[in-house]
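Peer 1: Mind having a look at this structure? Questions to follow.
The values are calculated or read from the model by the stated rules, or taken from the named source; none is laboratory data. Given the structure is predicted, the values throughout are model-derived calculations rather than measurements. Glycine gets a Cβ as well: all are built from the backbone with ideal geometry, and neighbour counts include every protein chain shown.
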Amino acid sequence: MTPSSWKPQRIAPAALVFYLAIFTNTNLLCHANVDTFIVFRSLTPLLVAIADTIFRKQPCPSKFTFLSLVVILGGAVGYVMTDSAFSLTAYSWALAYLVTITTEMVYIKQIVTNLGLNTWGFVLYNNLLSLMLAPIFWFVTGEHKLVFAAIESRGDGWFQLDAFVAVALSCVFGLLISFFGFAARKAVSATAFTVTGVVNKFLTVAINVMIWDKHATGFGLVCLLFTIVGGILYQQSVTTKGISAGQQHGPVSEQPKEGNDSKELDEEKQGLVASAK
């Protein structure tokens, strides 16, 4: 079976989860404020760390790593407590988003680790397959009626240059996010990638505070700083852990056994063949 025939089939479930994450994310923001989204987004590192350990057989997080994740969560909860208004609909979409984004983080990390595609291959397959799923959800959720109604309401002047430019720029940025997102997934663990996203959300809020007059209270800003500090502590914990592991395995790798040499050589050859394809 050729790579072109089996790779789309293997990445299709990942594309479905990716689209569901976008779908639930959009609906959450439609029914709740940004603060609600941030606090549920900040819950994902803890869940991803647990899922990584259970399903991907990754080592359990160290006490320092777990503490940094708790700091992130505590800062997020404290920030939202300054100004939050939840509804049943918002809670439902938030829970759906939390489950979906946690699954997406862990499953796509497994895909990019084992599938053998390069970064642009993942970007192409993931976005193309997700685009093919979009019309199905448009008709299932009834969103196509809103699109047709908006076009009819504008009559002959339905095309607007400023709206077209805004959508085009969002597509360009979306492509860049997808590319660098997959590159980051290859380079770091699923939990580290998740923490990066959480810290990015809080940096976005910080910029929003600086450019708009509507912002959080002083207590909310302190909680914001706690979340950023938690992300820094997490990065320090995984970096220290990686250095310690390298020092422990360093002397052993200098004198490998003869049997392991042939096995590693075969694996290296297989990797080169997969890269060439």
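Peer 1: Given (1) more than 14 Å from the chain's Cα centre (by Cα); (2) within 20 Å of Ala206 (Cβ to Cβ), identify the lone condition not met by Tyr91.
Peer 2: Result: Tyr91 fails condition (2) only.
Peer 1: Right, another one. Looking at segment 119-161 only, could you name the residues that are assigned to a helix (DSSP H, G or I), in contact with a helix residue (DSSP H, G or I) (Cβ under 8 Å, 6 or more places away or on another chain) and either more than 30 Å from Ile108 (Cβ to Cβ) or of a type in the set (Gly, Ala, Ser) (or both)?
Peer 2: Scanning segment 119-161 gives Gly121, Ser130, Ala134.
Peer 1: Can you find a residue in segment 194-216 that is surrounded by 15 or more Cβ atoms within 10 Å (Cβ to Cβ), under 28 Å from Leu128 (Cα atoms) and of a type in the set (A, V, I, L, M)?
Peer 2: Yes.
Peer 1: Please pick out the residue among Phe164, Phe226, Phe180 that is on the phi < 0 side of the Ramachandran plot, among the aromatic types (Phe, Trp, Tyr), surrounded by fewer than 11 Cβ atoms within 10 Å (Cβ to Cβ) and modelled with pLDDT of 80 or more.
Peer 2: Exactly one of Phe164, Phe226, Phe180 is on the phi < 0 side of the Ramachandran plot, among the aromatic types (Phe, Trp, Tyr), surrounded by fewer than 11 Cβ atoms within 10 Å (Cβ to Cβ) and modelled with pLDDT of 80 or more, namely Phe164.
Peer 1: From the list Ala76, Ala12, Ala49, Ala21, which residue is assigned to a helix (DSSP H, G or I), surrounded by fewer than 19 Cβ atoms within 10 Å (Cβ to Cβ) and modelled with pLDDT of 75 or more?
Peer 2: After applying the criteria, what remains is Ala12.
Peer 1: While we're looking at this one, here's another question. Need the failing condition index for Pro61 against (1) in a helix (DSSP H, G or I); (2) crowded, with 17+ Cβ neighbours inside 10 Å, just the number.
Peer 2: (1)
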